[in-house]
Every structure is written in C-alpha cells, then in structure tokens.
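**Q** Quick one: the structure is below, and I'll ask about it shortly.
The values are calculated or read from the model by the stated rules, or taken from the named source; none is laboratory data. Nothing here was measured: the structure is a model prediction, and the numbers come from that model. All Cβ positions, even for glycine, are placed from backbone atoms using ideal geometry, and neighbour counts span all protein chains on display. The protein model used for the area step is the full one, side chains on, heavy atoms only, and it has no ligands, DNA or RNA in it. Shrake-Rupley method; radii C 1.70, N 1.55, O 1.52, S 1.80 Å.
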Amino acid sequence: MRFKALDRLYLRCRYDQFIPGALHEDGRRYLPQIVVTPLDAGTDTAVGTRLWLVDRHHRVDPTLVGQIINVRLLCALSSIRMQVPPLRAGFITSPSETATTPLSEPVIYGQVADVLTWEVQREHLPFETLYTELVIRLSERATIGLRTTLSAPRIADLIGCTELLAGHWIEIQRSRIDILALETDCTEPVQSTGL
C-alpha cells in the first residue's frame with residue numbers, strides 16, 4: 001500500500017556509510033544498511049545524532065556515500081503517545097541504545113502536520129484497535145511519515161487523547177524506519193513501489 005503523502009516527506013542527510021547485507025547460504029545478501037546524519041536543510045549542518053537504517057526496499061545507491069541526500073522516511077509498527085512538556089522535536093537516543101553509536105531505534109519527537117487516516121475499531125472486540133497514517137514535522141523543513149496499528153482496552157488511554165489532530169506534539173517509539181525514496185540534489189527520487 002502506497003503512502004498517500006510520499007511527496008510531503010523530506011529529511012536532508014549526509015550519507016555516511018553503506019553496509020552490505022551479510023551473505024546468505026544461497027549466495028544472495030541480506031538487506032543492506034546505511035548510516036546517515038540528519039542535517040539542517042538551510043545550512044547542511046548536523047542537527048542530531050546519526051541514524052542506522054535498513055534499506056528494506058533496495059532504494060539506496062552505495063556509490064552515493066559521502067554525498068548530501070534527501071530521504072523520504074516512513075516509521076512503521078510504532079507506538080505513539082502525546083508528548084509531555086517540555087515539547088521537543090528530533091531523533092533521541094532510546095533507553096536501549098547509546099548516544100555514541102548510530103541509532104537504529106530512536107525515540108522520535110515531533111508535531112503532527114497532517115492526519116491522513118485515523119480509524120478506530122470498537123465493535124465485537126474486548127479492546128480497541130487503531131490504524132493511522134500521519135505526517136510528522138521534525139522542523140520547519142523536515143518531515144517524516146508514520147503508519148501504524150495499535151490495540152489497547154482504550155486507545156485514548158494509550159495515546160493520551162481520543163484523536164490526534166494537526167498541531168499535536170507526539171512521541172514515537174519502537175519504529176521500523178523504512179526508506180521510501182532517496183535523491184541527491186541532482187537526481188530524481190528513487191521510490192519504493194509498494195508502500
């Protein structure tokens with residue numbers, strides 16, 4: 001299923017490292033990984049810790065290492081909840097990681113820019129389920145997507161409100177971060193076809 005707002009996702013990064021997937025017994029490689037450093041889109045200076053991403057859809061060209069790239073990222077299988085002040089935005093070290101290594105499961109803070117889908121199911125179940133797709137603003141010039149399904153006795157208790165709206169500040173945890181597209185300043189985006 002394609003992400004509806006793919007063209008609205010944008011994170012400028014320095015492409016630091018390409019790590020080929022380990023060889024499988026059949027001679028093929030497992031999924032490659034990349035390390036990127038998020039940058040301020042206006043100055044190209046680092047604005048946070050490095051990220052360790054898995055290239056699940058083979059969107060990343062290993063020859064682009066060292067270049068400035070623009071990526072369209074989608075957080076999946078995430079848990080979400082309203083932020084507790086002070087409000088913040090960006091990628092933060094999770095309790096299971098250290099700040100000295102690239103983050104593979106960062107805690108992400110940001111503001112809801114748009115609610116694309118918000119579907120809560122209550123009928124015939126002893127609990128509620130939520131399917132949602134959101135656009136999350138990390139800064140004036142940086143946005144990522146989120147697609148997740150959650151279940152709980154009451155979704156409002158899990159998230160901290162009955163429904164997220166544009167302008168709400170949220171915390172995102174335990175995300176799988178997918179690279180849906182990647183481009184340099186002089187190339188067309190390479191996009192995933194199935195998300």
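**Q** With (1) in contact (Cβ under 8 Å) with a residue 12 or more places away in the chain; (2) within 22 Å of I179 (Cβ to Cβ); (3) open to solvent by less than 70 Å² (accessible area, probe 1.4 Å) as the list, and E97 as the residue in question, which single condition is left unmet?
**A** Condition not satisfied by E97: (1).
**Q** Of everything in segment 11-34 that's in a strand (DSSP E or B) and open to solvent by 70 Å² or more (accessible area, probe 1.4 Å), which residue is modelled with the lowest pLDDT?
**A** Within segment 11-34, the subset in a strand (DSSP E or B) is 11-19, 23, 29, 33-34.
Filter once more, keeping what is open to solvent by 70 Å² or more (accessible area, probe 1.4 Å): 14, 17, 23, 29.
Values: R14: 95, Q17: 95, L23: 75, R29: 69.
Restricting to residues being in a strand (DSSP E or B) and open to solvent by 70 Å² or more (accessible area, probe 1.4 Å), the top hit is R29.
**Q** Would you confirm, using the coordinates I've provided, whether L125 is of a type in the set (A, V, I, L, M, F, W, C), without any contact (Cβ under 8 Å) to a residue 40 or more places away in the chain and open to solvent by 70 Å² or more (accessible area, probe 1.4 Å)? It would help to see each step written out before you state the result.
**A** Details: of a type in the set (A, V, I, L, M, F, W, C): yes; without any contact (Cβ under 8 Å) to a residue 40 or more places away in the chain: yes; open to solvent by 70 Å² or more (accessible area, probe 1.4 Å): yes.
So L125 fits the description; yes.
Each row is one residue, and each column tells you yes or no for (1) out of contact with any Asp or Glu (no Cβ under 7 Å at 6 or more places or on another chain); (2) open to solvent by 60 Å² or more (accessible area, probe 1.4 Å); (3) among the aliphatic types (A, V, I, L, M).
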residue	(1), (2), (3)
V36	no, no, yes
N70	no, no, no
L103	no, no, yes
I108	yes, no, yes
E119	yes, yes, no
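**Q** Is one or more of the residues making up segment 37-56 at pLDDT 95 or above, under 14 Å from the mean Cα position of the chain (by Cα) and part of a loop (DSSP other than H, G, I, E, B)?
**A** No, there is no match, as no residue in segment 37-56 is at pLDDT 95 or above, under 14 Å from the mean Cα position of the chain (by Cα) and part of a loop (DSSP other than H, G, I, E, B).
**Q** Only one of (1) open to solvent by less than 70 Å² (accessible area, probe 1.4 Å); (2) modelled with pLDDT under 95; (3) of a type outside the set (K, R); (4) within 23 Å of D40 (Cα to Cα) fails for D114. Which number is that?
**A** It fails just one condition, (2).
**Q** Take segment 134-162 and flag every residue that is surrounded by fewer than 18 Cβ atoms within 10 Å (Cβ to Cβ), closer than 23 Å to R72 by Cα and at pLDDT 95 or above.
**A** Matches in segment 134-162: T149 only.
**Q** Which of the residues that make up segment 117-154 are under 18 Å from D40 (Cβ atoms) and among the basic types (K, R)? Show your work before the answer.
**A** Here is the first cut: in segment 117-154, the residues under 18 Å from D40 (Cβ atoms) are 136-144.
Hits for segment 117-154 are R137, R141.
**Q** Now for a separate question. Within segment 70-83, is there a residue that is out of contact with any Ser or Thr (no Cβ under 6 Å at 6 or more places or on another chain) and more than 23 Å from A5 (Cβ to Cβ)?
**A** Scanning segment 70-83, I find no residue that is out of contact with any Ser or Thr (no Cβ under 6 Å at 6 or more places or on another chain) and more than 23 Å from A5 (Cβ to Cβ), so the answer is no.
**Q** Residues in segment 50-65 that are in contact (Cβ under 8 Å) with a residue 12 or more places away in the chain, surrounded by fewer than 19 Cβ atoms within 10 Å (Cβ to Cβ) and of a type in the set (V, I, T): how many?
**A** The number of residues fulfilling the criteria is 2.
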